[in-house]
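A.B. asks: Handing you a structure now.
The values are calculated or read from the model by the stated rules, or taken from the named source; none is laboratory data. Model, not experiment: these values are computed from the prediction. Positions of Cβ are generated from backbone atoms using ideal geometry, with glycine treated the same way; all protein chains shown enter the neighbour counts. Remember, those area values only see protein heavy atoms, side chains included, never the ligands or the DNA or RNA. Shrake-Rupley method; radii C 1.70, N 1.55, O 1.52, S 1.80 Å.
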Amino acid sequence: MFDAYHVYSEENSQELNLFDNFEDDYQTNNVLECYRNDSSLQKMIYKASQTKNMDQLYKKYIKDIHRQIENLSIPIIFGKLMCDMNRWSQAQKYFEHLYEDFCNEDLAWIEHSIGQTYYWKGEWKEAQIFYDRAYDRIIKANPSRIKDSTLILSDIGDILHLQGQYEEANEFHQKALAIRKEYYPSTHSYIADSLENLGRIHRRTKKYHETHVYFQQALSIREEYYKYDHVDIATNSNNIGITLLYNGMFNEAFSYLNRAMSIYKNYYQSSHINIIRTLQTMAFYYFHQQKFEEALDIYLRIFVMTKNLYPSGHYTIAKILHGIGTIRDEQGRVIPTGISNVQSTLVNHEKALCVQQEALTMLETYYSSYYAHISISLLHTGDILR
């Protein structure tokens, strides 16, 4: 659906701006009217999904979400659609409007959705504030909504993971998994989500065998659950590819990365964050194959793409800068045989140091409390200076 939306929107640039301007025209009481009546929004989504009626649209997008969260309203699903299209700021404003004029909407899911927009924008402290609010509202609900709490527990675990607090993250993901096992069948996608989250933590602690087992279990569940190449399978494949790279299994890794990229291209436009992350992994692959020019070309391309997504800075940009700096450093370590090569080596070292320092500055400016990322950046800079 998303790829079709992108193609359609490129041919109809006036309607492409609809999401950008939506928050200016939004009224809570006409969201469903925008969807159901003969409006530009309805036409855009119908044509993008190549459907002619609401039932077909339901099958393509809404039904998929309702398999995960039962009875989620159309207005909230529409906001999630904006998030899936990388339009996080617009989605945030949209959900804030919903929150102010909630009109029988589920406030817990609105708060959770606002948290997700902050998460995708890299504003993790703000994301956790809204996650905590949503979790508190769900836990205090009567009757209990313990089943719904697992999504928020997992999202809090993701933030702790990004902060380098792996033990705490593991506790949240284990709690989410225990609840999901109680409420869902063993073949449900939520079980796969939890297994994948636990696998990512084990990878951070370099327990690669356990990581691979978690990821393969998650992939088996998803292939059975979806019956087609869903984006979750692409994410799963990318994670397996990264783990295989760490184990030096390059050919197997590249196969999984190609599968991930193939699926993503069917869903997203080329600048989507999931495509950027998979390209980032492919650059890592080329680097370890000592194909530095191929790796550098990818890093430079996704650097521009990521800057467009996050003009104010983001830890993903810092990670890409690390990659560029590391390649420049490796190119500078080649033993020179002539004066021109000596000069080239010095230039590469200088470029490497400059890029790593830029990454460090970005992390200290935007993520000053996230010591795991800053310490890694300091190690990269120190390696160059030695």
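A.B. asks: As an exercise, take the mean of 1/r over every pair of distinct alpha carbons in segment 76-120, invert it, and state the Kirkwood radius in angstroms.
C.D. replies: Numbers: mean 1/r = 0.0999 Å⁻¹.
Answer for segment 76-120: a Kirkwood hydrodynamic radius of 10.0 Å.
A.B. asks: Quick one: grab Rg to one decimal and Dmax as a whole number for segment 70-218, Cα atoms only, in Å.
C.D. replies: 15.7, 49
A.B. asks: Note down the accessible area of Ser312, probe 1.4 Å, to the nearest 10 Å².
C.D. replies: Here the residue's solvent-accessible area equals roughly 80 Å².
A.B. asks: Show me, for segment 236-244, the HN-Hα J-couplings you get by feeding each phi into the Karplus relation (A = 6.51, B = -1.76, C = 1.60, θ = phi - 60°), rounded to Hz, glycine and proline as x.
C.D. replies: 4, 5, 4, 5, 5, x, 4, 5, 5
A.B. asks: Something else about it: Please compute the length gained on full extension between Lys207 and Cys354, using 0.36 nm multiplied by the number of residues separating them and subtracting their Cα-Cα distance. Don't skip to the end; give the middle numbers.
C.D. replies: Values: separation 147, 0.36 × 147 = 52.92 nm, distance 3.30 nm.
49.6 nm is the gain from fully extending Lys207 to Cys354.
A.B. asks: Let me ask you something else. Order the following by accessible area, largest value first: Phe78, Phe172. Probe radius 1.4 Å; ligands, DNA and RNA are ignored.
C.D. replies: Phe172, Phe78
A.B. asks: What FRET efficiency would be calculated for the residue pair Ile74, Glu252, taking the C-beta separation as r and a Förster radius of 45 Å, to the nearest 0.05? Please report the intermediate quantities before stating the final value.
C.D. replies: Numbers: r = 42 Å, r/R0 = 0.94.
Here the calculated transfer efficiency is 0.60.
A.B. asks: Tell me the Rg and the Dmax, in Å, that the Cα atoms of segment 182-279 produce.
C.D. replies: According to the Cα coordinates of segment 182-279, Rg and Dmax are 13.1, 39 Å.
A.B. asks: Counting only protein chains, not ligands or nucleic acids, how are Val213, Val304, Val231 ordered by accessible area (probe 1.4 Å), most first?
C.D. replies: Numbers: Val213 60, Val304 85, Val231 20 Å².
So the residues, ranked largest to smallest area, are Val304, Val213, Val231.
A.B. asks: So, one more: State the Cα centre-to-centre distance between segment 69-130 and segment 222-266 in whole Å.
C.D. replies: Spelled out, the Cα-based centre of one part sits 28 Å from the other.
A.B. asks: Using the crude model of +1 on Lys and Arg Cβ and -1 on Asp and Glu Cβ, and no other charge, please compute the dipole size for segment 80-227 relative to its Cα centre, in debye to 20. Let's see the in-between values first.
C.D. replies: Numbers: 20 positive and 23 negative charges, 90 e Å.
It works out to roughly 440 debye.
A.B. asks: Could I ask something else about it? Jot down the radius of gyration and Dmax of segment 232-316, Cα atoms only, both in angstrom.
C.D. replies: 12.6, 37
A.B. asks: Label segment 111-161 by shape, choosing from rounded, prolate and oblate, from the square roots a ≥ b ≥ c of the eigenvalues of the Cα gyration tensor; if a/c is under 1.5 it is rounded, and otherwise prolate applies when a/b is larger than b/c, oblate when it is not.
C.D. replies: Working: a/c = 2.67, a/b = 1.94, b/c = 1.38.
Prolate, since a/c reaches 1.5 and a/b exceeds b/c.
A.B. asks: Ranking request for peptides 193-200, 256-263: highest mean number of other beta-carbon atoms within 10 Å first, then the rest in descending order. Display every interim value, and only then the final one.
C.D. replies: On the way: 193-200: 24.2, 256-263: 20.6.
Descending mean neighbour count gives 193-200, 256-263.
A.B. asks: Further, regarding this structure: Testing the spin-label approximation: label points 7 Å from Cα along Cα→Cβ at Val304 and Glu100. State their distance in nm.
C.D. replies: Going by the 7 Å Cα→Cβ label model, 3.8 nm.
A.B. asks: Separate question: Distance between the C-alpha centers of segment 148-181 and segment 299-318? Whole Å please.
C.D. replies: 27
A.B. asks: Label points 7 Å out from Cα along the Cβ direction at Lys181 and Arg67: separation in nm?
C.D. replies: 2.4
A.B. asks: Calculated FRET efficiency, Asp136 and Lys265, Cβ-Cβ r, R0 41 Å, to nearest 0.05?
C.D. replies: Numbers: r = 40 Å, r/R0 = 0.97.
Calculated value: 0.55.
A.B. asks: Can I ask one more? Give a residue-ordered list of calculated ³J(HN,Hα) values for segment 201-206 (Karplus: 6.51 cos²θ - 1.76 cosθ + 1.60, θ = phi - 60°; whole Hz; x for Gly, Pro).
C.D. replies: Couplings: 5, 4, 5, 4, 8, 6 Hz.
A.B. asks: Could you tell me which residue out of Ile276, Tyr228, Thr306 lies farthest along the dipole of segment 202-316 toward its positive end? Charges go on the beta carbon: Lys and Arg +1, Asp and Glu -1, centred on the Cα centre.
C.D. replies: Of the candidates, Thr306 comes out farthest on the positive side.
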